[in-house]
Amino acid sequence: MVMVTTCPACHTRFRVTPEQMEAHGGDVRCGRCAKVFNAHVYLEHNLEELQHEGQSRLPFEEPGNQAEMPEEEAKQQPAAVEEFPAEELAAPSSEEAPDEVEEELAQPLQAVDELLPESPAEVESSIPEWDEAALYEMYAAAGVLLKEEPAVPAPEEFVTVEPVTLAPQFAPEPVTERPVARDTFVEIERAPKKRSFFWLWLIGALLLLASLGVQGLYFFRSDLAARYPEFKPFLQQFCGVLQCSIRLPANPDLLSIETSNLEADPQRANLVALNAILRNRSKLAQEYPQLELTLTDNQDRMIARRIFTPGEYAKGSNLKRGMVPNEEITVKLYLDLGDLKAAGYRVFLFYPQ
């Protein structure tokens with residue numbers, strides 16, 4: 001079976017046999033440009049497939065230089081290698097028939113004269129130099145343009161570039177290094193208990209309570225003396241220090257006028273008599289109140305008013321003792337009206353402020 005491989009450098013196609021493919025792992029040298037390549041990698045089609053497809057292929061051209069194999073390896077495999085002339089495939093024409101392709105591919109392929117050495121250094125030394133100008137002319141005639149690759153400078157041609165420090169546009173401000181604060185352990189001393197403040201608070205609280213007690217005794221001295229008569233001597237001493245007096249309770253709401261009337265005296269003209277009964281409804285002794293009498297006319301308008309003190313309406317009574325609980329006092333007063341024509345009256349009990 002005959003196979004076709006292509007040179008990657010000059011794109012020349014060669015016919016190879018399985019024996020040539022097995023020798024040296026498929027490494028061969030192009031007989032045209034002396035390029036070393038692997039025939040397995042660039043293997044295209046065998047002869048049978050080309051005949052089946054009916055496609056025209058480029059005719060093989062005989063290269064100027066035949067591929068050669070090393071003599072030592074050729075001696076090791078004398079029976080496996082046969083010499084065939086390598087031909088270059090030319091550009092096919094669309095009018096060529098499949099029979100012409102078969103006749104051209106049927107020509108014998110010359111074997112490589114010299115196999116490639118195993119070391120890369122020997123391979124590079126054995127590759128002959130070619131004329132690059134002639135290669136450009138050949139590709140220009142074929143209509144192929146070669147791209148010029150940028151030349152890579154040799155190792156000794158590289159120029160060492162030293163970094164250049166550019167001056168900053170703005171001068172940086174100097175940074176002052178701040179001292180790093182070290183961790184310091186501070187021993188916390190317990191503050192001594194200030195007992196003096198405690199005693200001050202205690203004394204202040206006691207004084208406050210005492211002042212409240214004194215104020216309570218001062219304002220409620222009369223009620224305390226009436227409710228607890230056994231404490232009355234102490235309260236009298238207390239009032240002697242504060243220059244106050246102990247009076248009996250005075251609550252007008254606990255006093256009432258049970259009955260009252262105003263009548264004229266038939267023996268004396270313009271003389272009237274006021275009769276009234278006063279009662280203490282409290283459970284404690286009450287101070288004697290003052291009595292107010294108001295005279296009114298036919299339209300209930302006031303025409304005269306008079307206030308009577310306890311010494312006037314309660315003569316002969318113990319005023320210091322006061323009105324004992326549930327005690328009733330009878331009041332009788334004589335009044336000279338003169339020219340006043342009274343049609344009515346009102347009686348009112350009160351304590352002066």
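Counting other beta carbons within 10 Å of each residue's own, what order do Glu258, Glu287 fall into, fewest first?
Fewest to most other Cβ atoms nearby, the residues stand as Glu258, Glu287.
Fewest Cβ neighbours within 10 Å first, please rank Lys232, Lys315 accordingly.
Fewest to most other Cβ atoms nearby, the residues stand as Lys315, Lys232.
How many angstrom separate the Cα center of the stretch 199-250 from the Cα center of the stretch 296-317?
37 Å
Of Tyr351, Tyr228, how do they rank once you tally other Cβ atoms within 10 Å and put the fewest first?
Ordered from fewest to most neighbouring Cβ atoms within 10 Å, Tyr351, Tyr228 come out as Tyr228, Tyr351.
What do the square roots of 5 times the Cα gyration tensor eigenvalues come to for the stretch 252-350, in whole Å, largest first, as semi-axes of the equivalent ellipsoid?
27, 14, 11
Please tell me which of these pairs span more than 23 angstrom C-alpha to C-alpha: Lys232/Lys320; Lys232/Lys332; Lys283/Lys320?
Lys232/Lys332
The numbers here are math on the coordinates, done by the rules we state, and not lab data. Just so it is clear, the structure is predicted and the values come from calculations on it, not from any experiment. Reconstructed Cβ throughout: ideal geometry from the backbone, glycine too, with neighbour counts over all protein chains shown.
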